[in-house]
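Some notes on the structure that comes next.
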Amino acid sequence: MKPSPQRPALPQAGFTLVEVMVGLTIGMLAAVVIMQVFSVFEAQKRTTTGTADAQTSGNIALYNIGRELQLAGYTLVANGEDNVADSAIECTTLTINGVADTPNRLSPVSIADGGIAGGSDTITIRYGNSNAGGIPTLIRGVGIPPAKDVTLSTNFGCNSGDTTLIVNGATCAMASASAVAGTTSLTLTDTTNATIDSNLSCLGNWNEVTYTANNGNLERDGVPSVAGIVNLQAQYGISATANSNPVTQWVDASGGTWGAPTVADRNRIKAIRIAVVARNSKTEPENVTTAALSAWQGGPVIDLSASDPNWQRYRYRVFETILPLRNVIWAKGTL
């Protein structure tokens with residue numbers, strides 16, 4: 001009997017357990033390396049984008065403050081070419097709707113110092129928005145009480161609801177215009193300080209705007225307007241005399257002289273120096289800011305530890321600018 005041929009058994013296919021374990025180990029190592037590279041890249045990206053955001057926030061904050069500082073004193077101070085005998089910012093007494101107030105309410109800009117620890121300063125800017133620029137006119141007649149009408153040389157530029165300013169020597173009075181009739185008649189909410197031959201100006205809507213840094217935001221009248229701003233610093237740029245414009249000295253709004261300046265000193269303020277501190281929102285795993293922050297060379301040291309004990313784990317940018325008070329500068333002839 002002829003024997004039948006037999007095929008040899010095929011070897012088994014697949015991976016051994018050792019090979020599978022080696023493959024898993026290599027895959028896990030590769031995944032760890034990839035995740036570490038991704039983590040480093042993501043951290044660098046967040047640092048870069050956070051720094052860019054801080055730069056944008058700082059520039060926007062300076063722009064917003066600077067835009068309104070350009071208006072400081074508008075309609076309040078007459079141009080020096082107008083040859084006006086009395087200027088509102090020379091007034092030593094002020095009443096608003098018949099109630100006595102501080103004459104510093106007529107200051108185009110005022111600063112409240114944040115303290116020696118470098119707390120955030122507060123800047124208050126005051127201006128009107130009359131299209132006529134607050135041109136003064138003479139009061140020719142005053143109604144007998146209880147009438148509250150005044151007769152003017154002209155009521156050009158006056159509208160119902162405007163804030164009016166009456167200047168008589170060193171005495172100023174602010175009141176609202178409740179009605180405008182004809183070309184020379186105006187009705188006020190209060191005429192206590194209205195006298196014949198004193199100057200009256202219609203200021204338009206009177207604005208008193210306050211900027212400060214609070215809770216990581218630049219606030220305008222208590223409402224957050226720019227995120228990422230942790231501090232605001234400001235100084236007065238003052239001239240030698242009220243009727244000269246070159247800035248000869250920079251001073252903090254503190255102490256007996258500049259914490260509450262007299263009228264004569266207040267009119268020496270010709271410019272404002274501002275610095276805003278913007279913060280990168282990314283928290284670093286360790287301290288990255290080792291030196292104390294300063295608004296400008298020789299300026300106050302800004303202490304952020306009171307509001308955040310981990311302040312050194314953030315990156316900061318300080319933005320500084322100088323803004324002239326152009327309406328005050330143009331009006332030097334009346335001071």
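Derived from the Cα gyration tensor, the three semi-axes of the equivalent ellipsoid of the range 179-335 are 41, 22, 12 Å, largest first. With both labels modelled 7 Å from their Cα along Cα-to-Cβ, the Thr56 to Arg105 distance reads 4.1 nm. Could you list the residues of the range 192-224 with an amide nitrogen less than 11 Å from a label point located 7 Å from the Cα of Asn243 in the Cα-to-C-beta direction? None, by backbone N distance to the label point. Estimated at 0.36 nm per residue, the fully extended path between Thr195 and Val301 surpasses their Cα-Cα distance by 33.1 nm. The longest part of the chain holding none of the exposed loop chymotrypsin sites (Phe, Trp or Tyr not before Pro), meaning those outside H, G, I, E and B in DSSP with at most 14 other Cβ atoms within 10 Å, is 157-335.
Spin-label model, Glu19/Glu320: points 7 Å from Cα along the beta carbon direction are separated by 7.0 nm.
For the chain, the Kirkwood estimate of the hydrodynamic radius, built from every pair of different alpha carbons, is 24.0 Å. Extension gain, Asn64 to Asp265: 0.36 nm times the residue separation minus the Cα-Cα distance gives 69.7 nm. For the chain, relative contact order (Cα pairs under 8 Å, six or more residues apart, normalised by length) works out to 20 percent. Using a 1.4 Å probe on the protein chains only, how many percent of the accessible area of the range 221-335 belongs to carbon and sulfur? Solvent-exposed carbon and sulfur of the range 221-335 make up 49 percent of the total.
Computed from label points 7 Å out along Cα-Cβ, the spacing between Asn310 and Leu138 is 7.0 nm. DSSP bridge analysis restricted to the chain gives an antiparallel fraction near 95%, rounded to the nearest 5.
Would you mind calculating the relative contact order of the range 225-265 from Cα pairs under 8 angstrom and at least 6 residues apart, reporting the percent as a whole number? Contact order relative to length: 28 percent.
Between Ala181 and Asn214, residue separation times 0.36 nm minus the direct Cα-Cα distance comes to 7.3 nm.
Once the Cβ-Cβ distance of Thr92 and Ser160 is raised to the sixth power relative to R0 = 30 Å, the FRET efficiency obtained is 0.50. The aspartates and glutamates whose alpha-carbon is closer than 13 Å to the alpha-carbon of Lys148, local same-chain residues fewer than 8 away aside, are Asp190. Taken per residue, the accessible surface of the chain reaches 53 Å², heavy atoms only and a 1.4 Å probe.
The values are calculated or read from the model by the stated rules, or taken from the named source; none is laboratory data. This is a predicted model, so every value here is computed, not measured. With ideal geometry, Cβ positions are generated from the backbone for all residues, glycine too; neighbour counts draw on all protein chains shown. Side chains are part of the model used for accessible areas, which takes the heavy atoms of the whole protein and leaves out ligands, DNA and RNA. Shrake-Rupley method; radii C 1.70, N 1.55, O 1.52, S 1.80 Å.
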